[in-house]
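The values are calculated or read from the model by the stated rules, or taken from the named source; none is laboratory data. As the structure is a prediction and not an experimental result, all values here were calculated from the model. Neighbour counts are summed over all protein chains in view; Cβ atoms, including those assigned to glycine, are modelled from backbone coordinates with ideal geometry. Side chains included, ligands, DNA and RNA excluded: accessible areas come from the protein's heavy atoms. Shrake-Rupley method; radii C 1.70, N 1.55, O 1.52, S 1.80 Å.
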Amino acid sequence: MKASAIVPSAGSGRRIQKSLKAVLPKPYLEIGGMPVLARTLKNLEDVPEILEIVVACDLRYRPMILKMARLHGITKLKGVVQGGKTRTDSVFRAFCRTNRNIPYVLVHDGVRPFLTSQTISRFLRRVKNSGHDAWAVGRLMVPTVKEVKKGIIVRTVDRTSLWEIETPQVFKRETLTKAYREFHRAPFVATDDASLVEHMGKPVKVFEIRENNMKITTPENLLTARKILESGETRTGWGEDCHRLEPGRPLYLAGVRIPSPWGAKGHSDGDVILHAVVDALLGAVGAGDIGEHFPDTDKRFKGADSRIFIKKALSLAGRAGFGILNVDTTVILQKPKLGAFKGKMRARLAVLLGLPGDAVGVKAKTAEGLGAEGRGEAVTAHAVVTLKRRNS
Ligand code: MG
């Protein structure tokens, strides 16, 4: 199925502006380092079924929206139109800008930035397989609802059949065209778009959603949204590396050259601490392992300074949306003793990873004479990293 998306974003949100002393209306305020509207548009952009997006807003903000689109890779933005006096009017103006050959029209509030593209796409697939002309998402009413007059409860409303209806709402194009024709013939006050179809006596199918689809209407909503995003997701990654030791080779650990009669054999500089950290970084974001990115059959990596592997792994983690919080490592080497170099190794690793010193651990152990490390045949390192999702 193919759909045009309409995003009404004309509400002025004066309440929020006043209470937060903000200069901009709510769709343009930032949550987690990105404007509310940009998040909503980005989610729509990533829905494969959506071919174009039209925003209805106060045209004063058009340049901001175009900039948002450029900055966040929103390529499907087809138009930004002047919003009307009411929501219904705004949606209609945007509707007129959509491509008539696209059979479905989806309307989604600009201030609902949380619904993911996957959920929207799933909703559209359900729409496609259902036999109606109009669809909305919603959830069963949870709070107790009462009718109150002059501050006194008049009655308790039976909530078993009450639903909160949200957006997205989807319409067959010809259904929405007809609904608007009817509406313009006999206008009424509609708070959403499904109302227009209901008004014609046509069924609107409701699909239940459970995902967060908060509408940012009040200052409290905005603060909650910020908290949700800023709490951030964390990830743990683990890595280990072992190299054979050979006399006469340089020994590098955490980017520090250690005076030693033997060093690690390897295609690169054989820095086991850095290699373990690289694997931990890659592992935390599901980006494979060091061998996939820097194969030892590749001539480019012969004798390579392992710090370039760290830079690449950090950038891959960054591209996946994560930044590093801390790292802890242990190196196992029988000889030479590393005690005198631990401080330097820790400092080097901190600079390399852009971390404060107290977020970096470098611990050194001997193997008590046991195993390959104990016999002085190998050097081994283990690393654990914690990553946090960035709020942008
Ligand atoms: Mg290695």
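Quick notes
- Take every pair of alpha-carbon atoms less than 8 Å apart whose residues are at least six positions apart; their mean separation over the length of the stretch 22-79 yields a relative contact order of 33 percent.
- Between ARG300 and VAL23, the distance separating the two model label sites (each 7 Å from Cα on the Cα→Cβ line) works out to 4.4 nm.
- Only helices enter this figure: runs of n ≥ 4 DSSP H residues, each worth -39500 (n - 2.57), summed and divided by the residues of the chain, yield -9500 deg cm²/dmol at 222 nm to the nearest 500.
- Sparse-neighbour loop sites [trypsin sites (Lys or Arg not before Pro); the stretch 283-392; at most 16 other C-beta within 10 Å; DSSP]: LYS302, LYS337, ARG375, ARG390
- Beta bridges assigned by DSSP with both partners in the stretch 128-176 are antiparallel in approximately 100 percent of cases.
- Working from Cα pairs under 8 Å separated by at least six residues, relative contact order for the chain is 15 percent.
- Couplings 3J(HN,Hα) of the stretch 46-58, computed from phi: 7, 8, x, 6, 8, 9, 8, 10, 10, 9, 10, 7, 6 Hz, in residue order, whole Hz [Karplus 6.51 cos²θ - 1.76 cosθ + 1.60, θ = phi - 60°; x for Gly and Pro].
- For the stretch 186-228: rounded, prolate or oblate by the Cα gyration tensor [a/c cutoff 1.5]: oblate
- Positive-end residue of LEU353, ALA378, TRP163, charge dipole of the chain with Cβ unit charges: TRP163
- Sites excluded, GluC sites (Glu not before Pro) in DSSP loops with at most 12 other C-beta within 10 Å, longest stretch of the chain: 1-232
- Gyration tensor verdict on the stretch 163-319 (Cα atoms; rounded if a/c is under 1.5, prolate if a/b is larger than b/c, oblate otherwise): prolate
- The solvent-accessible area of SER231, taken with every protein chain present and a 1.4 Å probe, is close to 80 Å².
- 5 angstrom amide H check on ILE6, placed H, neighbours 5+ away: VAL54, LEU106, VAL107, HIS108
- Centroid-to-centroid separation of the stretch 168-195 and the stretch 326-364 [C-alpha atoms, Å]: 65
- Too-long pairs where the Cα-Cα distance tops 31 Å, listed order kept, from LYS42/LYS227; LYS149/LYS178; LYS215/LYS388; LYS2/LYS202; LYS128/LYS312: LYS149/LYS178; LYS128/LYS312
- Cross-link partners of LYS337 among lysines (Cα-Cα below 26 Å; sequence separation of 8 or more within a chain): LYS265, LYS363, LYS365
- At most 15 other Cβ within 10 Å, DSSP loop - chymotrypsin sites (Phe, Trp or Tyr not before Pro), the stretch 168-225: PHE188
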